[in-house]
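The values are calculated or read from the model by the stated rules, or taken from the named source; none is laboratory data. This is a predicted model, so every value here is computed, not measured. When we count neighbours, we look across all protein chains shown, and the Cβ atoms used for this are built from the backbone with ideal geometry, even at glycine.
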Amino acid sequence: MSINTKKNFDANLKFVYSDNNTLSVIFHDNNLLMGVVGEFNKNLKELEKLADVNLYSRGNSILIKSTTDKNEIVKNAIQFLSNQFINNGSIENKDILSSLDKFMINEKVKNQNITEIIKTPKKSIIPRSEKQKEYVRALRQSDIVISAGPAGTGKTFLAVAIGLTMLLEKKIEKIILSRPAVEAGERLGFLPGDMKEKVDPYLRPLYDSLYDLFHFEKIQRMIEIGDIEIAPLAFMRGRTLKNSFAILDEAQNASDMQIKMFLTRIGENSKIVINGDPSQIDLPNKNMSGLDRSKKLLSHLNEISVIDFDHSDVVRHPLVSKIVKAYNNHND
């Protein structure tokens, strides 16, 4: 049996190749090994299931047994997860999926443009598809970005991440997050509590994105002092947004005039992002939605980027992509 040993660049891991299609990943730090393997081997089991390989935890090693190509993919995934644990102190299910996505498609993470990585205080975010990379570039370069596509494609999350990094780098003074959560305030009276308590349930996905990227207490402080503002779309009328990063989420439920109103709030040193899923229009008359019309009317302007996502860009649970594709095929 011939054995070839290679050391990882960061010296935390060592890879031992055997001639029986077995690759051993040896950890020099047991805490790192435990973090990657997960409690009761849950991370290892998830990686094994998604990659369709056999994985074994033996002492201070993880053994990979499959084809040569798959061994390399899983080796790279373990490297990625190790760095994720070192940088963020934890590994989530979406990190496991992401670790495989990157290497199953031509090992594209090796060629990832460093300018596309979004570094936030809690984690570093790497776009997982070509369309997401295009979206991140547009968020950084264009004054206005309009994106449309199914749930789980990262439209809101990536936009919030870019906005937060710009705020922390003092490139802007305020992040404004908005949704057409209520219709001219008419439904608020039926909900208990003050105005904030009435609208918060509609805006919860925006809070979740913020808390996923920065510490809860610091986000709360930014909201209290006004560095981050979360408000229904109806509250934006008549304002001029200066030195701001403004995101309109769920824009498929905004009318043509509402989207026009939001877009024309843009002021000096500001960016506006419009996000929506045309398949999830909740308006009584779907023709009232202004998302598609805004794309058609404004796509020719150089300062405005229009990004269309599809099911192949979904980065949530793998089933989400399959569900979206099935519904699209049925509708077609």
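When each of MET236, MET222, MET257 is tested for being over 28 Å from LYS170 (Cβ atoms) and aliphatic (A, V, I, L, M), the lone residue that passes is MET257.
Checking each residue in region 238-249 for being surrounded by 24 or more Cβ atoms within 10 Å (Cβ to Cβ) and either without any contact (Cβ under 8 Å) to a residue 12 or more places away in the chain or in contact with a Gly (Cβ under 6 Å, 6 or more places away or on another chain) (or both) picks out only PHE245.
Listed by position, the helices (runs of 4 or more DSSP H) contained in region 215-329 that have at least 3 residues being of a type in the set (D, E, K, R), in the same structural domain as GLY163 (by TED's automatic domain parsing) and over 23 Å from TYR135 (Cα atoms) are 216-225. For the structure I just gave you, tell me whether ASN106 is modelled with pLDDT under 90, surrounded by fewer than 22 Cβ atoms within 10 Å (Cβ to Cβ) and in contact with a Lys or Arg (Cβ under 9 Å, 6 or more places away or on another chain). It is false that ASN106 is modelled with pLDDT under 90, surrounded by fewer than 22 Cβ atoms within 10 Å (Cβ to Cβ) and in contact with a Lys or Arg (Cβ under 9 Å, 6 or more places away or on another chain).
Scan region 76-90 for residues that are within 13 Å of LEU33 (Cβ to Cβ) and of a type in the set (Ser, Thr, Tyr) and the total you get is 1. If you go through region 269-287 and pick out every residue that is of a type in the set (Asp, Glu) and either in contact with a strand residue (DSSP E or B) (Cβ under 9 Å, 6 or more places away or on another chain) or surrounded by 18 or more Cβ atoms within 10 Å (Cβ to Cβ) (or both), you end up with 1. Checking each residue in region 1-19 for being outside any strand (DSSP E or B) and modelled with pLDDT of 80 or more picks out only SER18.
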